[in-house]
Amino acid sequence: MKKVNTYKIIISCGSLVGFIWVLFLFFLNTSIISQAVVQLDGVDLVITIILIRIAILLGSTIYMFYKWFKQEEQYISDIPFLFAMFFLLLTFGKSIDLFFDLTFTYFSEALNLFVIKLRFFIIVFTVFSLIYLSLKMILYWLSLKNRFRKLKDEDYQNKANFLILIFITVIEIIAIVITPDTDTISVVLPAVVIPSLVVIIWLFAFAHKNKRLSQVNSLVLMIGFTLYLISQIIRPVLLRIFGEVATYLNLAEIIDLVIFAVIFLGFYMEAKYVSV
């Protein structure tokens, strides 16, 4: 069996298992979700916006996997694959967001904490691929300096990248696991997401300045992820103003919908420095 077919089977089976698991989660709580749809004001718009976002993310996933499979050779370190995994995991993450928005009013604090932690675990692995790529760029940049000559060795650079990535991931997972309640975990989210987004923004700024990552438009992606970082910072402010109600959820999801439309364009468009 060709390597490409093996990849297709693994990705298809893994995605199918994930989607079945999400559907099963919704199915187990059908009565609660039905009650939420009837009782919560503005929930229809929340559902519509999140479903649109899921559709955009799923389309982005399929598009990036399509680009990856069109290559003559496929490697899991390839940029289209890394971006495809980012979008795929983000799709699952938004599904959990929808589940939480429909059930948090009816669940106990312990159950809500469990769902939030599950979402946070998905966030950690969602940014995993882009952090890997960012670290790769950072180590490449450092390898150009005489002080870090060891990094010119590709094997050494890959080992360093892997160890740093594992260290970051383990620290984030430990922080999520030991968080005791829903109030504390609202502080953990920025601590997990914001540093990751800063590194990702640096990645696309570096790529644009040095005319790298020609398969995507680094400038548009830098703008998109900067807007996403800003949205993550102002979310707690909006939550304080409106509370966990449909108005807040709708506003937050609309902002993110616009932002991810920009990010999708960045992945779809090639860099202007690519010769046509």
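The values are calculated or read from the model by the stated rules, or taken from the named source; none is laboratory data. As the structure is a prediction and not an experimental result, all values here were calculated from the model. As a convention, Cβ positions derive from the backbone with ideal geometry for all residues, glycine included, and neighbour counts pool all protein chains shown.
Can you tell me which residue within the range 228-276, out of those that are more than 15 Å from the chain's Cα centre (by Cα) and hydroxyl-bearing (Ser, Thr, Tyr), is modelled with the highest pLDDT?
So the residue we want is TYR268.
Determine which single condition PHE162 fails, assuming it passes every other condition in (1) under 27 Å from LYS67 (Cβ atoms); (2) surrounded by 13 or more Cβ atoms within 10 Å (Cβ to Cβ).
Against the list (1) under 27 Å from LYS67 (Cβ atoms); (2) surrounded by 13 or more Cβ atoms within 10 Å (Cβ to Cβ), PHE162 comes up short only on (2).
Any residue that is free of Cβ contacts under 8 Å to residues at least 12 places away in the same chain, under 19 Å from the mean Cα position of the chain (by Cα) and surrounded by fewer than 19 Cβ atoms within 10 Å (Cβ to Cβ) - is there at least one of those in the range 197-214? Let's see the steps before the verdict.
Of the residues in the range 197-214, the ones free of Cβ contacts under 8 Å to residues at least 12 places away in the same chain are 209-210.
If we keep only those that are under 19 Å from the mean Cα position of the chain (by Cα) as well, we get none.
Checking the range 197-214: not a single residue is free of Cβ contacts under 8 Å to residues at least 12 places away in the same chain, under 19 Å from the mean Cα position of the chain (by Cα) and surrounded by fewer than 19 Cβ atoms within 10 Å (Cβ to Cβ).
Quick test of your reading of the structure: PRO190 fulfils all but one of (1) in a helix (DSSP H, G or I); (2) over 19 Å from the mean Cα position of the chain (by Cα); (3) surrounded by 13 or more Cβ atoms within 10 Å (Cβ to Cβ). Name the failing condition by number.
Single failed check for PRO190: (2).
Can you pull out the residues in the range 91-114 that are among the polar types (S, T, N, Q) and buried (at least 19 other Cβ atoms within 10 Å of the Cβ)? Give the steps one after another, and end with the answer.
Within the range 91-114, the first condition is being among the polar types (S, T, N, Q), and the residues that meet it are 91, 95, 103, 105, 108, 112.
Correct list: THR91, SER95, THR103.
Mind checking which residues of the range 129-155 are without any contact (Cβ under 8 Å) to a residue 60 or more places away in the chain and among the aromatic types (Phe, Trp, Tyr)?
TYR132, TYR140, PHE148
Do the conditions hold for ALA36, that is, is it assigned to a helix (DSSP H, G or I), among the small types (Gly, Ala, Ser) and more than 16 Å from the chain's Cα centre (by Cα)? Even if it seems obvious, please write down each step before you answer.
On the way: assigned to a helix (DSSP H, G or I): yes; among the small types (Gly, Ala, Ser): yes; more than 16 Å from the chain's Cα centre (by Cα): yes.
When the stated conditions are applied, ALA36 passes them.
Does the range 205-218 contain any residue that is among the polar types (S, T, N, Q), at pLDDT below 80 and either touching a His at 6+ places or on another chain (Cβ under 8 Å) or closer than 24 Å to LEU135 by Cα (or both)? Show your work before the answer.
Let us first name the residues in the range 205-218 that are among the polar types (S, T, N, Q), namely 210, 214-215, 217-218.
From what's left, at pLDDT below 80: 214-215.
Then keep just the ones that are either touching a His at 6+ places or on another chain (Cβ under 8 Å) or closer than 24 Å to LEU135 by Cα (or both); that gives 214-215.
Yes.
Would you mind telling me which numbered condition in (1) exposed (fewer than 13 other Cβ atoms within 10 Å of the Cβ); (2) over 27 Å from PHE128 (Cα atoms); (3) in contact with a helix residue (DSSP H, G or I) (Cβ under 8 Å, 6 or more places away or on another chain) ASN29 fails?
(1)
Are any residues in the range 44-59 crowded, with 17+ Cβ neighbours inside 10 Å and either in contact (Cβ under 8 Å) with a residue 60 or more places away in the chain or not in a helix (DSSP H, G or I) (or both), and if so, which ones?
Those that are crowded, with 17+ Cβ neighbours inside 10 Å and either in contact (Cβ under 8 Å) with a residue 60 or more places away in the chain or not in a helix (DSSP H, G or I) (or both): VAL46, ILE49, ILE50, ARG53, ILE56, LEU57.
How many residues does the range 115-159 contain that are within 14 Å of the chain's Cα centre (by Cα) and either exposed (fewer than 13 other Cβ atoms within 10 Å of the Cβ) or charged (D, E, K, R) (or both)?
Final tally of qualifying residues: 1.
When you look at THR184, is it part of a helix (DSSP H, G or I), hydroxyl-bearing (Ser, Thr, Tyr) and surrounded by 14 or more Cβ atoms within 10 Å (Cβ to Cβ), yes or no? It would help to see each step written out before you state the result.
On the way: part of a helix (DSSP H, G or I): yes; hydroxyl-bearing (Ser, Thr, Tyr): yes; surrounded by 14 or more Cβ atoms within 10 Å (Cβ to Cβ): no.
The answer is no for THR184.
Just one of the numbered conditions (1) part of a helix (DSSP H, G or I); (2) farther than 30 Å from PHE81 by Cα is not true of ASP41; which one?
Result: ASP41 fails condition (1) only.
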